[in-house]
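Written below as structure tokens is the structure these notes are about.
Taken together, the values in this text are just the output of simple stated rules run on the coordinates, not laboratory data. What you see is a predicted model; the values in this text were computed from it and never measured. Here Cβ is always computed from backbone atoms with ideal geometry, including for glycine, and neighbour counts include all displayed protein chains.
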Amino acid sequence: MRVVGEVRALNGDEAVAYAVRQCNVDVISAYPITPQTIIVERLSEYVANGEIHTEYVNVESEHSALSTCIGAAAAGARAFTATSSQGLALMWELLYVASGLRLPIVMAVVNRALSAPINIHCDHSDSIGTRDSGWIQFYVENSQEAYDTVIQAFKIAEHPDVQLPVMINLDGFYLSHTLENVRVLPDDVVSGFVGFRKPVKVWVPYLGREVPAVLDGYTPISLGIIALSDYYYEFKMMVIKAMEKAREVIKEVNKEFSELSGRAYGDGFLTHYGVDDAEAVLIVMGSAAGTVRYVARELRRKGLRVGVIRLRTFRPFPYEELTKLLKDVKAVGVMDRATSPGAYGAPLFNEVRTALYDCECRPVIVNYVYGIGGRDLSPHTVKELYSDLLEIAKGKKPSSIVRYVGVRS
């Protein structure tokens, strides 16, 4: 049954906090960092007001924040934290611990450029650098999607076939501090959708029975013991297989949530506009998708065959879905909000190019690196990118495969 819900004026950080309040979270570990701070501030208010029954743990660093979540999740709790930029960098070693232990932690990352020099504005360098850590990664376009994706994230992370941590990425300031109308569901509806965490069971030979895979203080099991060359590889394969299984779970949960709320995000992996007959397509993640889509609509009204694909799920990467969508496109521009010094192009570009490498009619693919350190992306700039792509679609050789857009010479 579809539930309409009510509209509230929330910024992106508040939308995340509101969703967490509704998701039966047992432990919240909090450390402030701009532009994420509003999330943990709001959650602390919910706890103080008795609106959420959870253990709220103030810690001395982001490293401790994720450590607390790891301990809580290992004990069977539903755990949440949030961070940005240098905070995520400080968590680095623990990202691999969380995924390696198969702990379904949910974390919001409010994207912010990495130092140095110090910058508090948005690019994707913080989260994009964690792409190989074994976390499922979503990049949202607006505050409504931030709210919806947090709710979905708990169900995806805790699915028996997945059991992996999930990262929800939202653009700093563009979303985190910008007020939007967000349609929220009633508390009981969200609670019913996510339920309560039910730890998976594992067979323990020396006990001769299945037990919950948690450190409950009663069952003699261990998590995170040493695994050298005789077993380590197999542990990593478990994470790889779980990430592959997550593909269907993401689609299923997106569909279930759509039936409940009336809001779907494509197939759960990507949304697209104007791609069916397009000659030139831009691929983008995050809040910039709205600007790109606005320009694409304007150009299509003028008869230009352009399209846009907005990637929502970066891990697991939707290589099959992209290949099907782009099989008849002549020119593709991949927009990266992160750099990769020393590489031939930025991370999203290389993922897309790899996915399309074996296509019989693969398009020309160029990389547009933009918005670094929060530099704005104007509609005028997007029009220039489409103009460049349309010329390439007509057979013009690209002047450069990798372009840095908007940088002063």
Q. Which one of 221, 264, 359 has its Cα pushed farthest toward the positive end of the charge dipole of the chain, where Lys and Arg give +1 and Asp and Glu give -1 at the Cβ?
A. 359
Q. How large is the dipole of region 270-404 about the Cα centre if only Lys and Arg carry +1 and Asp and Glu carry -1, each at its Cβ, rounded to the nearest 20 debye?
A. 300 debye
(Q) Using the crude model of +1 on Lys and Arg Cβ and -1 on Asp and Glu Cβ, and no other charge, please compute the dipole size for region 110-186 relative to its Cα centre, in debye to 20. (A) 120 debye
Q: With 10 Å bins from zero, work out the P(r) of the chain over every alpha carbon pair and list the percent per bin.
A: 5, 23, 32, 25, 12, 3, 1, 0
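Note down the Stokes-Einstein diffusion coefficient of region 270-404 in µm²/s, whole number, using a Kirkwood radius over alpha carbon pairs, 20 °C, and 1.002 mPa s. Intermediate values should be presented prior to the final figure.
On the way: Rh = 14.6 Å.
Answer from the Stokes-Einstein relation: 147 µm²/s.
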Q) Based on the Cα gyration tensor of region 1-115, what are the three equivalent ellipsoid semi-axes, each the root of five times an eigenvalue, rounded to whole Å and given largest first? A) 23, 17, 14
Q) In degrees from 0 to 90, rounded to the nearest 10, what is the angle of the helix 288-301 Cα long axis to the longest principal axis of the chain? A) 30 degrees
Q: Determine the percent antiparallel among the DSSP beta bridges restricted to region 270-404, to the nearest 5.
A: 20 percent
**Q.** Relative contact order (%) - criterion: Cα under 8 Å, at least six apart; region: the chain
**A.** 16 percent
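Taking loop as defined by DSSP and a crowding limit of 13 other beta carbons within 10 Å, which chymotrypsin sites (Phe, Trp or Tyr not before Pro) in region 288-361 fit?
Passing sites in region 288-361 are 344, 357.
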Q | Rg over Rh, two decimals, region 12-73 (C-alpha only, Kirkwood Rh) | A | 0.93
Q) Could you give the angle, 0 to 90 degrees to the nearest 10, between helix 12-22's Cα long axis and the longest principal axis of the Cα atoms of the chain? A) 30 degrees
Q. In the chain, with Lys and Arg counted as +1 and Asp and Glu as -1 at Cβ, which of these residues, 122, 246, 322, has the Cα nearest the positive end of the dipole, that is, farthest along it?
A. 322
Q | Low-density loop cleavage sites - GluC sites (Glu not before Pro) in region 32-70, where at most 14 other Cβ are within 10 Å (DSSP) | A | 51, 60
